[in-house]
């Protein structure tokens, strides 16, 4: 028996499937001048309330849609749809984060030629969603003052990856044992240049800088 | 060439590695009459503050230790150690939940003959820790009223698995758009028989029923 040279084709997964879908999404949106943001936070930090308050202010400036990520229920999408926001619900069926493929599929069903901005509200989770690229231009870390000052140190990945922190529920500060200077110091420790926008959806404090920041994301996309 | 019968040993992973370690832990603790609880919540819902307040009240009734799970930092373990609590820090190095093997290793380093109760504070995450058995007697769902009423519906697995809900920060209710009856209704929808203990670590409201519940867990373990 003679030794026979056998040729075998080897396919290496140079890019993980998730990253592949994320880069497809990035190319798709870039070609159309659409910016996409990925909002990440703990459960109950006020992402949906922030978007409810954002909707009316943003509507006069940009054409936008929201993709709502959740483990279960369509509650959040219903809240935004009631305000006339164009919104789709992305259910993960138990999974702890949104994956790029599901986001891509949902994007393809949107009227992309009539949009400037897509805001993705990820599953409420301060750990896993920060690890998965979905093709966004920027991750937005949403942190509520009720969660305590130390979260940037305890969950550093998100605060390293984010391009902005939105600090929510600041109307509750008088009732909480929360040190704002300490929280800002902890954020800087993890990511020295990270801007922080303080907002209250109840008093409307800080909503203008936040909406300005959103508009700037779209401008830098088409600029 | 004749066909040859080839015998191949097949090993099937009847029990996943995590479940195997969890059942080792369960046997270890049962043999010693020790109860173990697994506290699960969003980041910043007040698990560590609850344990700070629990420590003094519990110390006169039970011998206990705490295992502190975190993605990063030893902040929480330091907070409890300052109060004289026997505590170890379990760092997951980025992972979003505690695994049974790490918990088992930490348990073996404790003076088990001198303990009645071990309280594990899992990584702050309302999704993943609910999926991983660590050998506990009971999962405790900790939910703060600042997170909104709908969390039991949006993150149902934990509320299905838990044996009790501790509803924290009830001193903030006057300042929040939070409906307590609606929250209780949502909890019952997911798990009709689940008891709910309302607490405030600031006013100390509800601390006695909570500590009574802890003591009952140990009694049922040795009974």
In this structure, is residue A:223 at pLDDT below 95 and over 27 Å from residue A:88 (Cα atoms)? yes
With the requirement that a residue be in contact with a helix residue (DSSP H, G or I) (Cβ under 7 Å, 6 or more places away or on another chain) and either surrounded by fewer than 22 Cβ atoms within 10 Å (Cβ to Cβ) or on the phi > 0 side of the Ramachandran plot (or both), what does the stretch B:97-112 give you? B:99, B:101, B:104, B:112
Restricting to the stretch B:167-179, and then to whatever is more than 10 Å from chain A (Cβ to nearest Cβ) and touching a strand residue (DSSP E or B) at 6+ places or on another chain (Cβ under 8 Å), can you tell me which residue is surrounded by the most Cβ atoms within 10 Å (Cβ to Cβ)? B:168
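Being more than 20 Å from residue A:207 (Cα to Cα), within 13 Å of chain B (Cβ to nearest Cβ), surrounded by 24 or more Cβ atoms within 10 Å (Cβ to Cβ) and touching a strand residue (DSSP E or B) at 6+ places or on another chain (Cβ under 9 Å) is the requirement here; does residue A:143 meet it?
Numbers: more than 20 Å from residue A:207 (Cα to Cα): no; within 13 Å of chain B (Cβ to nearest Cβ): yes; surrounded by 24 or more Cβ atoms within 10 Å (Cβ to Cβ): yes; touching a strand residue (DSSP E or B) at 6+ places or on another chain (Cβ under 9 Å): yes.
No.
Suppose we keep only residues that are part of a strand (DSSP E or B) and free of Cβ contacts under 8 Å to residues at least 24 places away in the same chain within the stretch B:30-88. Which one would you say is surrounded by the most Cβ atoms within 10 Å (Cβ to Cβ)?
From the stretch B:30-88, those part of a strand (DSSP E or B) are B:35-40, B:64-70, B:86-88; that's our starting set.
Still in the running and free of Cβ contacts under 8 Å to residues at least 24 places away in the same chain: B:87-88.
On the way: B:87: 23, B:88: 18.
Only one residue tops the list, namely B:87.
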Test residue A:94 against the stated conditions and say whether it is within 12 Å of chain B (Cβ to nearest Cβ), closer than 21 Å to residue A:78 by Cβ, within 15 Å of the chain's Cα centre (by Cα) and not in a helix (DSSP H, G or I). no
Just to be sure I understand, how many residues within the stretch A:184-197 are buried (at least 16 other Cβ atoms within 10 Å of the Cβ) and out of contact with any strand residue (DSSP E or B) (no Cβ under 7 Å at 6 or more places or on another chain)? 3
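Might you check whether a residue that is touching a residue at least 60 places away in the same chain (Cβ under 8 Å), closer than 29 Å to residue B:56 by Cα, under 19 Å from the mean Cα position of the chain (by Cα) and in a loop (DSSP other than H, G, I, E, B) occurs anywhere in the stretch B:183-195? Break it down into steps so the answer makes sense when it comes.
Start the filter on the stretch B:183-195 by keeping residues that are touching a residue at least 60 places away in the same chain (Cβ under 8 Å), which leaves none.
Scanning the stretch B:183-195 turns up no residue that is touching a residue at least 60 places away in the same chain (Cβ under 8 Å), closer than 29 Å to residue B:56 by Cα, under 19 Å from the mean Cα position of the chain (by Cα) and in a loop (DSSP other than H, G, I, E, B).
Condition check ((1) on the phi < 0 side of the Ramachandran plot; (2) crowded, with 24+ Cβ neighbours inside 10 Å; (3) more than 9 Å from chain A (Cβ to nearest Cβ)) across all residues:
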residue: B:90; (1), (2), (3): yes, no, yes
residue: B:115; (1), (2), (3): yes, no, yes
residue: B:131; (1), (2), (3): yes, no, no
residue: B:138; (1), (2), (3): yes, no, yes
residue: B:147; (1), (2), (3): yes, yes, no
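The values are calculated or read from the model by the stated rules, or taken from the named source; none is laboratory data. Note that this is a predicted model, so its numbers are computed, not measured. Please note: Cβ atoms are built from the backbone with ideal geometry, for glycine as well, and neighbour counts cover all protein chains shown.
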